[in-house]
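**Student:** This is the structure, below, for whatever I ask next.
The values are calculated or read from the model by the stated rules, or taken from the named source; none is laboratory data. Everything quoted here is computed from the prediction, not taken from an experiment. Every residue, glycine as well, gets a Cβ built from its backbone with ideal geometry; the counts of neighbours run over all protein chains shown.
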Amino acid sequence: MSNNSKNHSLTQLALNLSSNPSAELENFVEPDGGQTVTTIRNFLSSPDETILFIAGESSTGKSHLLLASSQLYDSGEAFYLPFGELLAMDPAVLEGLEYCQLLCLDDIDKVAGHSEWEEALFHLFNRCQQQKCQWIACALQTPANLPWQLPDLKSRLGWGVTIRLPALDEQLRLQVLEQQAQHFGFFLSDEVKQFIIRRAPRDLGSLTTLLKQIDRASLEEKRAITVPFVKSITGW
């Protein structure tokens, strides 16, 4: 592939990437004794390792981990690829990505059963292995339990370590809420935290968006963050 083709593909993808500056490995909340972040760091420090797969239900932090991992690299060295968005594009956009250091493939199960995408992923994987470009991929299920049509792709996705994330219980969601609030630089009372947890969507992305909204409104209106204040900006 020519450099022009490679750069064109990367530019196309850059227009479709998501970014969450608050996503850091350090603020990922996992059960006591969890080894998820350690496993990711060990993988990234072992360039001969090709793929790490993260499986888990919705709202367990998979996207957080992928975004955080991609943001450890300089621009152009790592890409976060949300396949829920990319599925509407031509699989040719994957061409040239093997020249990166890391690809973070979110919701890779979205393209399972789509023969052109499976073929493109299979060839990209092989090119990445030759160029030592690592993959961190995530899905609702482990590679062996996803409906891939291409056996060789299914096999390659299972080559590395697979992490299974547990569902977030209320205690862990409270920890996420506390850490995100600290990141934005404000304090939430126990009363406010319980109020939010009982009413907010379970997914971590919505929780982060809500906290940004609360932070912005609090600064603009110069008001303390209380239950009545949260009610006023959420309509709950």
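**Student:** Within the stretch 131-236, considering only helices (runs of 4 or more DSSP H) that don't extend past its boundaries, which have at least 3 residues that are free of Cβ contacts under 8 Å to residues at least 24 places away in the same chain and among the polar types (S, T, N, Q)?
**Tutor:** Of the helices (runs of 4 or more DSSP H) lying wholly inside the stretch 131-236, those with at least 3 residues that are free of Cβ contacts under 8 Å to residues at least 24 places away in the same chain and among the polar types (S, T, N, Q) span 204-221.
**Student:** Which residue pairs have Cβ atoms closer than 6 Å, lie 6 or more positions apart in sequence or on different chains, and pair a first residue in the stretch 86-111 that is closer than 19 Å to residue 149 by Cβ and in the same structural domain as residue 122 (by TED's automatic domain parsing) with a second residue that is among the charged types (D, E, K, R) and modelled with pLDDT of 95 or more?
**Tutor:** Listed by first residue and then by second, the contacts come to 87/110; 91/116.
**Student:** From the list 205, 158, which one is in contact with a strand residue (DSSP E or B) (Cβ under 8 Å, 6 or more places away or on another chain), under 25 Å from residue 69 (Cβ atoms) and small (Gly, Ala, Ser)?
**Tutor:** Result of the check over 205, 158: 158.
**Student:** For the stretch 174-182, indicate whether the set of residues that are closer than 24 Å to residue 48 by Cβ, of a type outside the set (Asp, Glu) and under 21 Å from the mean Cα position of the chain (by Cα) is non-empty. Break it down stepwise before answering.
**Tutor:** First, pick out the residues of the stretch 174-182 that are closer than 24 Å to residue 48 by Cβ: none.
No.
**Student:** Out of the residues in the stretch 25-71 that are buried (at least 17 other Cβ atoms within 10 Å of the Cβ) and among the charged types (D, E, K, R), state the one that is farthest from residue 204 (Cα to Cα).
**Tutor:** 30
**Student:** Hey, another quick one. Look at residue 79 and say whether it is surrounded by 15 or more Cβ atoms within 10 Å (Cβ to Cβ) and at pLDDT 95 or above.
**Tutor:** Details: surrounded by 15 or more Cβ atoms within 10 Å (Cβ to Cβ): yes; at pLDDT 95 or above: no.
So residue 79 does not fit the description; no.
**Student:** Okay, moving on. Can you tell which of 93, 29 is aliphatic (A, V, I, L, M), part of a helix (DSSP H, G or I) and over 20 Å from residue 156 (Cα atoms)?
**Tutor:** 93
**Student:** Which of the residues spanning the stretch 82-111 are among the hydrophobic types (A, V, I, L, M, F, W, C) and crowded, with 18+ Cβ neighbours inside 10 Å? Before the answer, list the steps.
**Tutor:** The initial filter retains those residues of the stretch 82-111 that are among the hydrophobic types (A, V, I, L, M, F, W, C), namely 83, 86-89, 92-94, 97, 100, 102-105, 108, 111.
Within the stretch 82-111, 83, 86, 93, 94, 97, 100, 102, 103, 104, 105, 108, 111 meet the criteria.
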